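Encoded as structure tokens, the structure appears first; notes follow it.
The values are calculated or read from the model by the stated rules, or taken from the named source; none is laboratory data. On a predicted model such as this, the values are computed, not experimentally measured, just so you know. No Cβ is skipped: glycine too gets one built from the backbone with ideal geometry, and neighbour counts run over all protein chains shown.
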């Protein structure tokens, strides 16, 4: 399995979302924004970062498994 392209897409999407959130947060500064940030944005961003780390770990694991299973005469 190759994880690079999908990981890259997720990373790019997170980067874009962060930039857009930062831009919105500059002009949107009320209780609703703070509530959204605390209950939606921060958990989503943290979960996305966790998924990216998990993809990295799986990629490494699959690379090791592939190497271990290669036929070496």
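Within the range 1-43, if we keep just the residues that are outside any helix (DSSP H, G or I) and without any contact (Cβ under 8 Å) to a residue 60 or more places away in the chain, the residue that is nearest to residue 69 (Cα to Cα) turns out to be 2.
Among residues of the range 44-59 that are closer than 12 Å to residue 14 by Cβ, those with a Cβ under 9 angstrom from a residue that is modelled with pLDDT of 95 or more and exposed (fewer than 12 other Cβ atoms within 10 Å of the Cβ), sequence gap 6+ or separate chain, pair up as 48/13.
Counting residues in the range 41-53 that are more than 19 Å from residue 7 (Cα to Cα), modelled with pLDDT of 95 or more and touching a helix residue (DSSP H, G or I) at 6+ places or on another chain (Cβ under 8 Å) gives one or more.
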